[in-house]
Structure formats: C-alpha cells, structure tokens
Amino acid sequence: MQKEEINILIVDDDAAIGKAMKEAFSKAGFKATHVTKPDDALAMTKLQPVHAAVIDCMLPKMNGRQLAKKLREQGDLPVLLISGIYKDKNFAREAIQETGAIGFFTKPFELPDIINTLEGKLVHLIDAQLAPMQTLLTKDTASHKERIRMLNETGEIHAFELPMVFSLLMHPRVNGHLNIVTADGEVCGVGFHKGNIVQVNQKDAKSYFGILMVERGFITQDEIEEVMKVTGKTKKMGERLVEANVLSPHAIQIVMAEQQGLRLSKTVAETSVKINFLEDDEIREDAVIDRSTFTDLLNDWLTSKLSVVWLKSYYRTWTRYNLKPGPEYSPTARCLTIPVIERVPGLAEKLLEAPTLEQALTDLAAPEEQVYPALHALLVSRYLRFGEATGNAGDAAMQKKRLSKLYLDLEKQNYFERLGLSPKAKDVEIKRAYHDVAKVLHPDKLARDTTADVRELTKQCFAFITVAHETLSDPTKKTEYIRELEQGRAEFVLQAEQLTQSARPLLTKGDFKKAREMMAEAVSLCPPTSEARLLHMWAKLKAAAANDTIRIAAEVRDELALIPPEDRHIPVFYLVKGLQLRATGDMANARKNFEHAMSLDPDFIDAKREMTALKSSGSGGDGKPVDLLKGDLKDVVGMLFKKKR
C-alpha cells in the first residue's frame, strides 16, 4: 500500500499533544487519526483499518495498558505507549511486557523519535518505491535534465556510489559541476562537459604531474630538475617544461588527464558524501577523461576499492528484479574488454536470461568475488539496466540456499556492512538503507505458501538487519558501537603496524623469509594498507623458491591490481613491479621500473641493488654464481662497489 494509506491511531486525552502528533505523522506522509477516549479508539478500529497506535497510559475509564491489550487482541499491530505521569523505568518495562508494545516514551518527547520508531515497524507495509538514483538504473533512456534532477534529489550517498554518479553524468548534454562534500567536510568538484569529465578540483597537497611525466617516458627526472632550476617560479611545471622545449603541449594534456583520474580515484572511498549538481555551459576544460578512460578507471576501482561486502549489500535490494539491455548494450561495448568482466565469461547473457537477479546469482558457478564486480561494471557502464520487480522468489530450495548464504554473511558482518553503509553514514542514509532492505527481506513480504524453514531463515536474517538498524539509528547506541568497533580493531591495527615496521629493515638486510612471515601475519590481522601489501609482495618474490617463482610472480601481478591507483606512484610500488617482471623474464620492463623507483627516491638502496643485480652477471667471492634475485646482501653490495676494469 501507499504510505498515505497507513493509518496511525493516536489516543491521548490531551488535545494539544494529540493534535501535534497527528500533524507530525501527516507531515511524515502517514494518515493519522486522533481520539481522546478508549471507547472511541475501539470504535474506530471497526470503521477503518488501523495499522499502528500511539496510546497514552493515563486515559478516562480504561487505562492505556488495557486499551493496548484489547487493540492487540484484534490484530498484531505495533503499539507505542506514552506517559507524562508514569516515568519510572520499572513501570515502563512492565507495561511493555504486559502489552507487547514496541516502546515506551515519557513526555516531553521528540516527535521525530516517535515517528521513526513506528515507521521502522511499518516499512514492510509500504509498496517498494525506488530512490531517485535507483530509478535511473531502470531507465533505457533518461534526459540530461532528468539525470540532474534525480541525482540532486538523492542527497547523501556512500562514496562507493560515486562511479555510478559519474557515469550517469557523462551525457552529451550534461554540462556543469558536481559538488561532493564528505562527512568530514572535505570538498571536491568534478566538471562535466559533453559526455566527458574535464575538471577534478580538490584539496590535494600531492601533485603527480612530474611523476607521471617520467613514468610515461615523456621526460627524465634529471631534465625536470634542470629546467626547474633555471626557469621562473611563477608558472606551472608543464608550462615551464614546454617553454624550455623539452616537452610537447600534447604530452601535458595526456598527463593532466591521468592526474585528474588519480584525483577522481581519491573520491571513491569508505565514507559518506553529499552531492549536488550545478549546470554551467561555460565550464573550463582542463583535461579530458572520456568514456573509454573512465571505463579503465572503473576497472581499477572495482579491483582495488569497492569491497565485495559492500557490493553484495548494494544489490540485495535488487534481487527480485530482472535485467534488460541498457542504453550502451552492444557486442563491441568498451566495458566488455576490461578484466573484471572478462573474468566471468558470458555473465551478461546469463543475467539477461534469468527471471531475476536472485536466480542468476544462485545459478552462477563463478566465485562471488568475481561476479559482483563484473555485475557492477555492466550496470555502471549502462551496458545492462534493471527491468521490473517480478515478485518471483523462486522455489523453496533456491530460497533456502540463498537465505542460508545470506545468514552466514550477515552473521560475520558489522552493523554498517549489513546495511551497506559507511561508518560516516548520516541518519537519512541509515533510514533509507533499512527501508530498502525491509522491502525485500521483511518476513511479512513472504508468500502465504512459503515453507516453514524458509520463513524461519528469513526471520533470522531480518533480525540481523533489525539489530543493526536499531543500534545505528539511536545516536547514543551508535556512538558506543563505533567506539567498540574502533577498540576492537585498534589492537590488530597496532600489531600489524609493528610487524610492518619490523619487516621493512629485514628486506634491506636480505632476511626475506622472516620478512615474509611477518608480513603474512600483518596482512591477515586487519584490512592491509597499500604499504603492507607491497612489502608482503616484495618479501614473497624474494623468498620464493626457484621452482615456485612463476606462480608467485602471477600472484603478485594480481595483487598489484589491488593497490588503489593513487597509491601506485611511489618507489616501493615500482620496485615490486620490477621484481615481478624480472621473475617472469621481462628484463627490459623490469629495468624501467627499477630506474623509475630510483628517480623517485635517489637514496633507495634496495632499488639500486636490484638495478645492479639486473645489469651484472658477476659471481660472489667464492667463485660461485650469485643468485641476483635472492642473493646475500654482502655479495650484492660487493658488486655495487666493485671497481670497473
């Protein structure tokens, strides 16, 4: 039913309070009826449906507890008890136990608290309605005005949803600025012009321009330093390099686009953001990120940023929908060439053939760690779109299989993960997330002929969701829960940091086996930092047995993709990449990466050692060949300072 059809019965002999509550519920979208006498309340339930009640405990002729029991005998409706007289906690506890009420509020109370408490219990009655941005995912065509309007109506979102926002705004007729404000108050602006991203403005102390120029091979670090010494400081680096005739303007545009991509990548994070779009036909074009480049960025984000836990929560509300070809559906679509989609061959066809997303996900044999990123890539790229909610829950065996897996997932997840929220989520996001899940997972949504075991599993799964919502929607409980989470993680984070700090000098000393053991433990304790991941890869490559080098190199190749794009332009990344390439026999590219590591940090002794080892074919002091990949430090250092003849 529609929200305005849900009737809230208010029973309070104080006319002013009753009127205020009625107006508040009406403003929240409900139908509300106020009466002052218990007899009128009982008569009202015979004249029209009542879906919930707010009852004052002190009423004439019949007290509120007695009335609540009578109303609940007529139907299992949610009841809230209120009182300005009975404020004792023992009275409230006994009243709730006696009547089965869902809560007890003492006067004066905050009306939004009353409304939110009841709304949480009634959400399953409301017909499923898509949020504005969700509506866009069902449309084959949407005008630029429609996209802008719906995104502006969306308000707060998880920053993991930004790739979808960017994609929807890359429309030929969308021109203007997307303003992004994080929960911590950081501001970023993204400019769109005729289907491209042309600006990314954010507070960013780090400039990747010089690093990217060298990485691209447009210029050397020595050339940059020489030009910067002799030119004025009033102009940007790129302009000074062009004026010195060591760089072409075309190269600047290429690198600036990459720089914008890195800045864009930083917006996709584990936080909440508020978005709004302002149209502007005169937007300045700094550099261009077109649809093809954006698709590559999307692949990177799905590999290194968007967690499978979040993706599963995001698509939980879409399980009863089918999928249809989207506006970019084509056998030659660019998105079909990116690794996250190529890893699941035929996924798009299977999704289109299945009656619901739920059925497709149940039938697919591929690991969910591959399926969900591929699914998201297809939808963000607009290759596929959602069709209609079919209401088809599948057979009992399929439902039981899905719910059993969901139960295990929810049991392991924290409250934010259960609702697909960031720890920075605002109240409006928490409420929306709970409502979205309740529309598909509430036990009252089950068909009448649902088997007992499926019904019980559904109740158990929804209980996990309810606990999460009740905790996060209460400011005091939420604060305490976050504190507990942080305390629980702090010990593991500290252990991981200590292990990382201890392992780093071991790598320089050549004790690779011990470093590998330490870093393996460090990355298992908590979600690893990019630094921890890279040190672990470094140790694995150097400690690998000769007959296991190729396998380890393949593992490291995949693990390098887990490093977020903005964390890849550091000396250790290029060292590890060089080691990985050398292990596969690609000596030329290994050398380039070692050289780049040294250009970023001229004092990086480990990169110098690997570079010397790559160039040299000498032997150790005992006359035996030195294994330059795993050689003892004293042998390699000896070669570093070996006199030339």
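Could you tell me what % of all Cα pairs in the stretch 159-294 have separations over 26 Å?
31
Once the whole set of protein chains is in place, how much accessible area is left on residue 109, using a 1.4 Å probe, in Å² to the nearest 10?
40
Suppose we look only past 20 Å in the calculated P(r) of the stretch 290-378. What percent of the Cα-Cα pairs does that tail hold?
So the pairs more than 20 Å apart make up 32 percent of the total in the stretch 290-378.
Accessible area per residue for the stretch 326-467 in Å², computed with a 1.4 Å probe and the full protein assembly in place, what is it?
The answer is 45 Å² per residue.
Tell me the accessible surface of residue 303 in square angstrom (1.4 angstrom probe, heavy atoms of protein chains only), to the nearest ten.
In the full protein context, residue 303 sits at about 30 Å².
So what J values fall out for the stretch 364-378 if you push phi through Karplus, 6.51 cos²θ - 1.76 cosθ + 1.60 with θ = phi - 60°, rounded to Hz, Gly and Pro as x?
5, 8, 5, x, 5, 5, 9, 5, 5, x, 5, 4, 5, 4, 5
Applying a 10 Å radius around every beta-carbon, put 376-388, 472-484 in order of their mean neighbour count, most first.
The packing order, highest mean first, is 376-388, 472-484.
Skipping prolines and chain starts, which residues have an amide H placed within reach, meaning under 5 Å, of the one on residue 424, given they are 5 or more residues away or on another chain?
272
What percent do you get for the relative contact order of the chain when only Cα pairs under 8 Å and 6+ apart count?
Value for the chain: 9 percent.
What order do you get for 132-139, 431-438 when each peptide is scored by the mean count of other beta carbon atoms within 10 Å, highest first?
By packing density, highest mean first, the sequence is 431-438, 132-139.
Find the eigenvalues of the gyration tensor of the Cα atoms of the stretch 201-255, then list the square roots of 5 times those eigenvalues as equivalent ellipsoid semi-axes, largest first, in whole angstrom.
They are 17, 14, 11 Å, listed from largest to smallest.
Just from the alpha-carbon atoms, what are the Rg and Dmax of the chain in angstroms?
So, for the chain, Rg and Dmax equal 30.4, 112 Å respectively.
What whole-number volume per residue, in cubic angstrom, does the convex hull of the C-alpha atoms of the stretch 130-182 give?
Taking only Cα atoms, the stretch 130-182 has a hull volume of 78 Å³ per residue.
Take every DSSP beta bridge whose two residues both sit in the chain, then give the antiparallel share in percent to the nearest 5. Numbers along the way, then the final one.
Numbers: 29 of 46 bridges.
If I count the DSSP bridges inside the chain, around 65 percent turn out antiparallel.
Heavy atoms only, probe 1.4 Å: what % of the accessible area of the stretch 147-305 goes to carbon and sulfur, would you let me know?
On the way: 3470 of 7220 Å².
Whole-percent figure for carbon plus sulfur exposure: 48.
Taking +1 at the Cβ of each Lys and Arg and -1 at the Cβ of each Asp and Glu, which of 605, 440, 327 sits farthest along the dipole of the chain towards its positive end, judged by Cα position relative to the Cα centre?
605
With θ set to phi - 60°, apply the Karplus curve 6.51 cos²θ - 1.76 cosθ + 1.60 along the stretch 283-288 and write out the HN-Hα couplings as whole Hz, x wherever there is a Gly or Pro.
3J(HN,Hα) across the stretch 283-288, in whole Hz: 5, 6, 9, 7, 7, 10.
Compute the convex hull volume of the Cα atoms of the stretch 138-234, divide it by the residue count, and report the result per residue in Å³ as a whole number.
Values: hull volume 15.6 nm³, N = 97.
Dividing the Cα hull volume of the stretch 138-234 by its residue count gives 161 Å³.
When the Debye formula is applied to the Cα atoms of the stretch 271-419, each taken as the same point scatterer, what base-10 log of I(q)/I(0) results at q = 0.10, 0.13, 0.18 Å⁻¹?
Once normalised to I(0) and log-transformed, intensities are -0.41, -0.68, -1.18.
May I ask you to derive the relative contact order of the stretch 203-343, considering only C-alpha pairs under 8 Å and at least 6 residues apart, and to give it as an integer percent?
Value for the stretch 203-343: 20 percent.
What is the Cα coordinate range of the stretch 383-491 on the first, second and third principal axes, sorted by size from largest, in whole angstrom?
For the stretch 383-491, the Cα spread along each principal axis is 45, 33, 27 Å.
Find the percent of Cα-Cα distances in the stretch 479-529 that exceed 12 Å, and round it to a whole number.
The answer is 63 percent, as a whole percent.
Just to be sure I understand the curve: with the Debye formula and one point per C-alpha of the stretch 59-142, what is log10 I(q)/I(0) at q = 0.14, 0.16, 0.18, 0.19 Å⁻¹?
Ignoring solvent entirely, the Cα scatterers give -0.60, -0.71, -0.83, -0.90.
Pop out the ³J(HN,Hα) list for the stretch 64-74 in order, Karplus 6.51 cos²θ - 1.76 cosθ + 1.60 with θ = phi - 60°, rounded to Hz; leave Gly and Pro as x.
Coupling constants for the stretch 64-74: x, 5, 5, 5, 4, 5, 5, 5, 6, 5, 7 Hz.
So what's the angle, to the nearest 10 degrees on a 0 to 90 scale, between helix 221-230 and the longest Cα principal axis of the chain?
90
Taking the mean number of other Cβ atoms within 10 Å as a proxy for protection, how do you rank 277-288, 600-611, 362-373 from highest to lowest?
Numbers: 277-288: 13.5, 600-611: 18.0, 362-373: 16.0.
The peptides rank, most packed first, as 600-611, 362-373, 277-288.
Would you mind calculating the relative contact order of the stretch 428-550 from Cα pairs under 8 angstrom and at least 6 residues apart, reporting the percent as a whole number?
Computed over the stretch 428-550, the figure is 17 percent.
Per residue, how much accessible surface does the stretch 18-66 expose to a 1.4 Å probe? Answer in Å², no decimals. All intermediate terms of the calculation are to be shown ahead of the outcome.
On the way: 2480 Å² over 49 residues.
Ligands and nucleic acids excluded, the figure is 51 Å² per residue.
Take the stretch 254-341, drop everything but the C-alpha atoms, weight them equally and run the Debye formula without solvent; then report log10 I(q)/I(0) at 0.14, 0.16 Å⁻¹ to two decimals.
Cα-only, vacuum Debye calculation for the stretch 254-341: -0.75, -0.97.
Please give the calculated 222 nm ellipticity per residue for the chain, where each DSSP H segment of at least 4 residues contributes -39500 (n - 2.57) and the sum is spread over every residue; nearest 500 deg cm²/dmol?
-17000 deg cm²/dmol
Out of residues 5 or more away from residue 34 or on other chains, whose amide H comes under 5 Å of its own, with H placed 1.01 Å from N in the peptide plane?
So residue 34 has HN proximity to 10.
Would you mind checking which residues have amide H under 5 Å from residue 387's amide H? H placed 1.01 Å from N; only 5 or more apart, or other chain.
322, 323, 324
Quick check: the distance between the Cα centres of the stretch 558-608 and the stretch 281-320, to the nearest angstrom?
Measuring centre to centre over Cα atoms gives 26 Å.
The values are calculated or read from the model by the stated rules, or taken from the named source; none is laboratory data. These figures come from a predicted structure and were not determined experimentally. Virtual Cβ from ideal backbone geometry, glycine too; neighbours counted across all protein chains shown. Ligands, DNA and RNA are stripped out before the accessible areas are found, and what is left, the full protein with its side chains, is counted by its heavy atoms. Shrake-Rupley method; radii C 1.70, N 1.55, O 1.52, S 1.80 Å.
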